[in-house]
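Q: Can you read through this structure? Questions will come right after.
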Amino acid sequence: MRQSFYQFLMTLRNPNDHGEIANFAQNAFLDQAFPKQETDFEQLSNYLELNAGYLPSMSVFDEAYNLYLTHEHVGRN
């Protein structure tokens, strides 16, 4: 079963890492309305553009989503 983007993002959460993706993961964790079951790029992007003031740039999401796609591709082999 494919894991959601949120589930993958939570694997990047690290309180000792202050990088952009780790901060995004931490803030998504605190965002109670985050679409936790979503896998679709467009749906996630729309949500973040409208609701994620904690995201400094959508390029952070793009980078995290690319990591997610790579992880999902590798996991299927």
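The values are calculated or read from the model by the stated rules, or taken from the named source; none is laboratory data. Just so you know, these numbers come straight off a predicted model, no measurement behind them. Methodologically, a virtual Cβ is constructed for each residue, glycine included, from the backbone with ideal geometry; neighbour enumeration extends over all protein chains shown. Heavy atoms of the whole protein, side chains included, go into the accessibility calculation; ligands, DNA and RNA do not. Shrake-Rupley method; radii C 1.70, N 1.55, O 1.52, S 1.80 Å.
Q: Out of segment 39-54, which residues are at pLDDT 95 or above and open to solvent by less than 60 Å² (accessible area, probe 1.4 Å)?
A: 39, 44, 45, 47, 48
Q: Could you list, in sequence order, all residues of segment 39-73 that are assigned to a helix (DSSP H, G or I), of a type in the set (Gly, Ala, Ser) and in contact with a helix residue (DSSP H, G or I) (Cβ under 8 Å, 6 or more places away or on another chain)?
A: 45, 64
Q: Can you tell me which residue is most open to solvent (accessible area, probe 1.4 Å) among those in segment 1-38 that are of a type in the set (A, V, I, L, M) and not in a helix (DSSP H, G or I)?
A: That would be 1.
Q: Would you pick out the residues in segment 5-38 that are polar (S, T, N, Q) and touching a helix residue (DSSP H, G or I) at 6+ places or on another chain (Cβ under 9 Å)?
A: Matches in segment 5-38: 11, 14, 16, 23, 37.
Q: I'm trying to understand the selection: among the residues of segment 56-71, which are under 16 Å from residue 10 (Cβ atoms) and of a type in the set (A, V, I, L, M, F, W, C)?
A: 60, 61, 64, 67
Q: Tell me the residue from 57, 45 that is out of contact with any Phe, Trp or Tyr (no Cβ under 9 Å at 6 or more places or on another chain) and not aliphatic (A, V, I, L, M), please.
A: Sole residue among the options that is out of contact with any Phe, Trp or Tyr (no Cβ under 9 Å at 6 or more places or on another chain) and not aliphatic (A, V, I, L, M): 57.
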